[in-house]
Amino acid sequence: MDLFQTIVIAIVEGLTEFLPVSSTGHMIIAQNLLNVESTDFVKAFTVIIQFGAILSVVCLYWKRFFRLNHAPAPEGSTRLQQLLHKWDFYWKLLVAFIPAMVLGGLLNGVIEDLLGNVVVVAVMLVLGGVFMLFCDKWFNHGSDTTPLTEKRAFNIGLCQCLSMIPGTSRSMATIVGGMANGLSRKRAAEFSFFLAVPTMLAATCLEVLKMILKGEFASMAGSDNVFTLVLGSVIAFVVAMLAMKWFVGFITKYGFKAFGWYRIIVGGIILILLLTGHSLAMVD
């Protein structure tokens, strides 16, 4: 990738990581528009800069992310229950993360095959868009006082697994999953942000491990590639922070319908272009 391609793809990642429009799907579309070859490094780049965007959560919500529960544990609690009570926030994140960890490990090869498939992205954008036109009506009955139990956290984690299909959107799956389990839109969105941290950290570590096992890490760790990864991660971090602050206010007030129409329009245009034999590449 050249400098222009790196900057554009990183901006796309930062803008879409926390929006319910699929950051992975949009990066795949951007790669096709810019005629970026889907090499092993490019695939690693798209995963690693996602973690750069996710770090904006830690920065923006650091007081709430680094916290322990100092309230007294229920009387009669065992030592384990007292420990889980103290680390309640991180325990719920772990419970929600487990489904993606297990399923992601089992289906890693299938997921890799789907990455780069523009048809899959376009179809899922449209289907997800249609769903989002109605999800506010179906699931907008949550409350800011609904407790986040282990069961609710696990159910949200199951919903997150749907985002392994490119074009689905991890943000959409987890936010709607939270709303379906009784959380308000704002609380569901914020838990989705927090859950992204362990999820994308694991995805990044897995990607680096695969590069090491294939013997590709040394060749990819050249100065040019390191600069590309650092630049992409920094841009994604900054843009994601701005997008995230705007997004919480927007969905709290207006819901998901606008994103649903956006997904349908973008996915529909791509399908029409592909079905009529046109290429998405803007440059050769």
How much mean residue ellipticity at 222 nm does the chain get from its helices, if each DSSP H run of length 4 or more adds -39500 (n - 2.57) and you divide by all residues, to the nearest 500 deg cm²/dmol?
-24500 deg cm²/dmol
Along the dipole axis of the chain (charges at Cβ: +1 for Lys and Arg, -1 for Asp and Glu; origin at the Cα centre), the most positive-end residue among Gly178, Ile235, Ile54 is Gly178
In whole Hz and in residue order, list the ³J(HN,Hα) couplings for the stretch 160-166 that follow from phi through the Karplus curve 6.51 cos²θ - 1.76 cosθ + 1.60, θ = phi - 60°; x for Gly and Pro.
4, 4, 4, 6, 5, 8, x
Roughly how tilted is helix 118-139, in degrees to the nearest 10 and between 0 and 90, from the longest Cα axis of the chain?
30
Just want the ordering: Glu37, Glu207, from fewest to most Cβ atoms lying within 10 Å of their own Cβ.
Glu37, Glu207
Rounded to whole Hz, the Karplus (6.51, -1.76, 1.60) HN-Hα couplings of the stretch 141-151, x for glycine and proline:
10, x, 9, 6, 9, 5, x, 8, 7, 4, 5
Dipole of the stretch 3-275, positive end: most advanced residue of Phe45, Met27, Tyr254 [Cβ charges, Cα centre]:
Tyr254
Mean-square fluctuation maximum in Gaussian network of the chain, Cα pairs under 10 Å, restricted to Asn108, Asn35, Asn117, hits Asn108
Over the stretch 3-275, what relative contact order in percent results from Cα pairs under 8 Å that are six or more residues apart?
36
Please give the helix 170-180 orientation as an angle from the longest Cα principal axis of the chain, in degrees from 0 to 90, rounded to the nearest 10.
30
Given charges of +1 on the Cβ of Lys and Arg and -1 on the Cβ of Asp and Glu, with all other atoms neutral, how large is the dipole of the stretch 3-275 about its Cα centre, in debye to the nearest 20?
960
Measure nothing but the geometry: give the 0 to 90° angle between the long axis through the Cα atoms of 257-275 and the longest principal axis through the Cα atoms of the chain, rounded to 10°.
30
In whole Hz and in residue order, list the ³J(HN,Hα) couplings for the stretch 61-66 that follow from phi through the Karplus curve 6.51 cos²θ - 1.76 cosθ + 1.60, θ = phi - 60°; x for Gly and Pro.
10, 4, 5, 8, 7, 9
GNM of the chain, Cα pairs under 10 angstrom: of Arg79, Arg170, Arg185, the biggest fluctuation goes to Arg79
Pop the C-beta distance of His278 and Lys214 into the FRET formula with R0 = 35 Å and round what comes out to the nearest 0.05.
0.50
Lysine pair number, Cα distance threshold 26 Å (strictly under), the chain, separation 8 or more or different chains
24
Among Thr174, Thr24, which comes first, then next, by fewest other beta-carbon atoms within 10 Å?
Thr24, Thr174
Placed amide H near Leu183: partners under 5 Å, 5+ positions off or other chain:
Ser143
The stretch 1-85, relative contact order [Cα under 8 Å, separation at least 6], %:
24
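A short reminder: the numbers here are calculations on the coordinates, not readings from a lab. Just so it is clear, the structure is predicted and the values come from calculations on it, not from any experiment. Positions of Cβ are backbone-derived with ideal geometry, glycine not excepted, and every protein chain shown enters the neighbour counts.
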